[in-house]
Amino acid sequence: MADRQPASASRKTFAPWSDPSAEPFIVFDNVTKRFGDFVAVNNVSLNVYEREFFSLLGPSGCGKTTLLRMLAGFETPTEGRILLDGQDISTIPPYRRPVNMMFQSYALFPHMSVADNIAFGLKQDKMPKPEIEERVADMLRLVKLEQFAGRKPHQLSGGQRQRVALARSLAKRPKVLLLDEPLGALDKKLREETQFELMDIQENLGLTFMIVTHDQEEAMTVSDRIAVMDHGVFVQVATPAEMYEYPNSRYVADFIGDINIIKGTIKSTANGAVTLETEDAGTLVVHQAMDAIPGTPAYIAIRPEKMQVISGVSQNQIDGEVWDIAYLGDLSIYHVKLPSGAIVKASQTNVTRLIERPITWEDDISLTFAPDAAVVLLD
């Protein structure tokens, strides 16, 4: 696609969920969905705002696709309501909803050209031919496929087919576009490029996007906010930065990115700091306001990139043996075995060429982290 432009000021400041006066565009109001005895979605409530790029993230079977299909109209809530722009759409059939859905398989018609695939829904709506031609041309320009209008899907690359499916989904100008694992069939590099293209298209058109994915990197890249789901409920709803830096549970901490979890017992809480006693690292201190009774079991969650290798003595010192090393080009990741047998990870940026590795296997090393770089979790 065309060269990307810097993020606009509106994207940088977009946070309607922080404004008490902002009206949500999509509302899931105590929604439950059962399939026989199985509860796929369990009494969830959620507000999504107009122009938001919202991600539903979680493992297979957690309920995220069922939630999306209920919004699309392919499933009906067992209990609760779904509102779109103030209207209860729970019983409105899919073809009457201002919502379109793009599936992982793309579902392109193999016998139709690119242009005809994009025009299909418009023809079904009996739009006048000149308007269809104009709309198709607009969509082809949007996804940069003008020169491929006459080709069939089998003559396109995976990334090009993905763009055709996106153009077809956008052609009817829905108020909400739903994307179910839309990039799952693309290779890693193309998927990363397409994530930014999706963000640009969403912002340029001013639409509300909801995407289902199990790829946490994808969700972190494209989303204004993320809802992490597990067993049909929301575990945490937050911005990518909030979810990465301040997970509310071990489940979220472990699901989003790579993280070290160190088990301990709360020793004291005072002056905005939590002191914990741990088997693996003795006494550790985390700057965090928390009310907890001394002796309460707790966990310290610390990201590998926030762990530093040191040569002296430091607060929050963790001693161990280098058990394994992963060289990733820009990073080296050290797996450090603690005396208890637990493994923690520390990553370091390779700012110079790696001619002679300063740290190698079976070295005894010490790690540390700043007191404000970790988070204490009770669950």
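The values are calculated or read from the model by the stated rules, or taken from the named source; none is laboratory data. Computed from a predicted model, the values in this text were never measured in an experiment. A quick note on method: Cβ atoms are made from the backbone with ideal geometry, for glycine too, and the neighbour counts reach across all protein chains shown.
Assorted remarks:
- Any hit, the stretch 205-213, residues being modelled with pLDDT under 95, over 25 Å from Val27 (Cβ atoms) and surrounded by 19 or more Cβ atoms within 10 Å (Cβ to Cβ): no
- Criterion (surrounded by 15 or more Cβ atoms within 10 Å (Cβ to Cβ), over 27 Å from Thr13 (Cβ atoms) and modelled with pLDDT under 95) met by exactly one of Gln288, Gln216, Gln202: Gln288
Residue-by-condition table, conditions (1) under 14 Å from Thr208 (Cα atoms); (2) charged (D, E, K, R); (3) surrounded by fewer than 18 Cβ atoms within 10 Å (Cβ to Cβ):
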residue: Tyr49; (1), (2), (3): yes, no, no
residue: Glu52; (1), (2), (3): yes, yes, no
residue: Leu56; (1), (2), (3): yes, no, no
residue: Met70; (1), (2), (3): no, no, no
residue: Pro77; (1), (2), (3): no, no, no
residue: Gly86; (1), (2), (3): no, no, yes
residue: Ile92; (1), (2), (3): no, no, yes
residue: Val99; (1), (2), (3): yes, no, no
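- Near pairs, Cβ below 6 angstrom, 6+ apart or cross-chain, from the stretch 209-226 (more than 20 Å from Ser18 (Cα to Cα)) to any residue that is buried (at least 19 other Cβ atoms within 10 Å of the Cβ) and among the basic types (Lys, Arg): Val212/Lys64
- Failed criterion for Pro130 (all others in (1) outside the structural domain of Met70 (by TED's automatic domain parsing); (2) surrounded by fewer than 14 Cβ atoms within 10 Å (Cβ to Cβ); (3) not in a helix (DSSP H, G or I) hold): (3)
- Taken over the stretch 20-72, the residue count meeting the criterion of being over 21 Å from the mean Cα position of the chain (by Cα), under 19 Å from Thr239 (Cα atoms) and either among the charged types (D, E, K, R) or outside the structural domain of Met229 (by TED's automatic domain parsing) (or both) is 1.
- Of all residues making up the stretch 101-127, the number that are surrounded by 15 or more Cβ atoms within 10 Å (Cβ to Cβ) and of a type in the set (S, T, N, Q): 3
- Taking the criterion of being small (Gly, Ala, Ser) and in contact (Cβ under 8 Å) with a residue 24 or more places away in the chain, the residues of the stretch 106-154 that qualify are Ala107, Ser113, Ala115, Ala119, Gly121, Ala149, Gly150.
- Total residues in the stretch 307-360, condition in a loop (DSSP other than H, G, I, E, B) and either touching a His at 6+ places or on another chain (Cβ under 7 Å) or not small (Gly, Ala, Ser) (or both): 20
- Gly312 within 23 Å of Leu378 (Cβ to Cβ) and small (Gly, Ala, Ser): no
- Cross-chain or 6+ apart pairs with Cβ under 6 Å, the stretch 235-255 first and at negative phi, then part of a helix (DSSP H, G or I) and surrounded by fewer than 17 Cβ atoms within 10 Å (Cβ to Cβ): Val235/Tyr251
- Checking each residue in the stretch 251-272 for being β-branched (Val, Ile, Thr) and more than 24 Å from Pro339 (Cβ to Cβ) picks out Val252, Ile256, Thr269.
- Checked against the criterion of being among the β-branched types (Val, Ile, Thr), modelled with pLDDT under 85 and within 26 Å of Val212 (Cβ to Cβ), the stretch 148-166 contains not a single residue that satisfies it.
- If only residues of the stretch 361-379 that are of a type outside the set (Gly, Ala, Ser) and part of a loop (DSSP other than H, G, I, E, B) are counted, the one that is surrounded by the fewest Cβ atoms within 10 Å (Cβ to Cβ) is Glu362.
- Test: residue in the stretch 171-179 that is touching a residue at least 60 places away in the same chain (Cβ under 8 Å) and under 15 Å from the mean Cα position of the chain (by Cα): yes
- Residue count for the stretch 149-158, restricted to those that are out of contact with any Pro (no Cβ under 9 Å at 6 or more places or on another chain) and either surrounded by 19 or more Cβ atoms within 10 Å (Cβ to Cβ) or more than 24 Å from Gln195 (Cβ to Cβ) (or both): 4
- Residues that are part of a helix (DSSP H, G or I) and of a type in the set (Gly, Ala, Ser), drawn from the stretch 133-163: Ala137, Gly158, Gly159
- Filter result (in contact with a Ser or Thr (Cβ under 8 Å, 6 or more places away or on another chain) and either surrounded by 12 or more Cβ atoms within 10 Å (Cβ to Cβ) or farther than 15 Å from Ala270 by Cα (or both)) within the stretch 291-306: Ala292, Thr296, Pro297, Ala298, Ile300, Pro304, Glu305
Yes or no, residue by residue, for (1) among the β-branched types (Val, Ile, Thr); (2) at pLDDT below 95; (3) on the phi > 0 side of the Ramachandran plot:
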{"residue": "Asp19", "(1), (2), (3)": "no, yes, no"}
{"residue": "Phe25", "(1), (2), (3)": "no, no, no"}
{"residue": "Val39", "(1), (2), (3)": "yes, no, no"}
{"residue": "Tyr49", "(1), (2), (3)": "no, no, no"}
{"residue": "Leu57", "(1), (2), (3)": "no, yes, no"}
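- Restricting attention to the stretch 226-266, the residues that are surrounded by 19 or more Cβ atoms within 10 Å (Cβ to Cβ) and in contact with an Asp or Glu (Cβ under 7 Å, 6 or more places away or on another chain) add up to 2.
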